[in-house]
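Bear in mind these aren't lab numbers, they're just calculated from the coordinates by the rules spelled out. In this text, all values refer to a predicted model and were calculated from it rather than measured experimentally. All Cβ positions, even for glycine, are placed from backbone atoms using ideal geometry, and neighbour counts span all protein chains on display.
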Amino acid sequence: MKPTLAGIPVEYLLILACIVFSIGVAGVLFRRSAVVIFMSIELMLNSVNLVFVVFSKSLHQVQGEVVVFFVMAIAAVEAAIGLALVVAIHRKKKTSFVDEMNLMKW
């Protein structure tokens, strides 16, 4: 008998996490807007959270769920600092495309 969580096989949840992570990677690699890139990073972090929760529940351990809280805190800080940087750069450069943000170049 295959392990399930609320009637859903664990393999399906892991496949969903892989799909969400792949969408996040594609968003980081192919999009130019800094806001979309940050949203893609959030997708990748949420897919990792899903994997932690699935394994935590299937193995009847709490450690995975504790790690999820730390990842969520890091994601919130990343979103706050990242969006603050995007707003500050947008005020100076009038763009949010990462190809046109060259403030660190000489």
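Could you derive backbone 3J(HN,Hα) for the range 19-34 from the dihedral phi with the Karplus parameters 6.51, -1.76 and 1.60 (θ = phi - 60°), listing whole Hz in sequence and x where the residue is Gly or Pro?
5, 5, 5, 5, 5, x, 5, 4, x, 5, 7, 10, 9, 10, 6, 5
Amide H to amide H under 5 Å from residue 5: which residues, 5+ apart in sequence or cross-chain, H placed 1.01 Å off N in plane?
Hits under the 5 Å cutoff: 10.
Taking 1 over the mean of 1/r across every pair of different Cα atoms in the chain, what Kirkwood radius in Å do you get?
This gives a value of 15.6 Å.
Output wanted: per-residue J couplings in Hz (rounded whole) for the range 6-14, from phi through Karplus 6.51 cos²θ - 1.76 cosθ + 1.60, θ = phi - 60°, x for Gly and Pro.
These are the phi-based 3J(HN,Hα) values: 6, x, 9, x, 4, 4, 5, 5, 5 Hz.
Take each of the peptides 64-72, 45-53, average the number of other beta-carbon atoms within 10 Å over its residues, and list them starting from the highest.
Descending mean neighbour count gives 45-53, 64-72.
Among the aspartates and glutamates, which have Cα under 19 Å from the Cα of residue 2 when same-chain residues fewer than 8 positions away are ignored?
Answer for residue 2, where 19 Å is the Cα cut-off: 11, listed by chain and number.
Taking θ = phi - 60°, what integer Hz values does the Karplus form 6.51 cos²θ - 1.76 cosθ + 1.60 yield along the range 58-71, in sequence order, with x for Gly and Pro?
Values per residue, Gly and Pro as x: 6, 9, 6, 10, 9, 4, x, 6, 5, 4, 4, 4, 5, 5 Hz.
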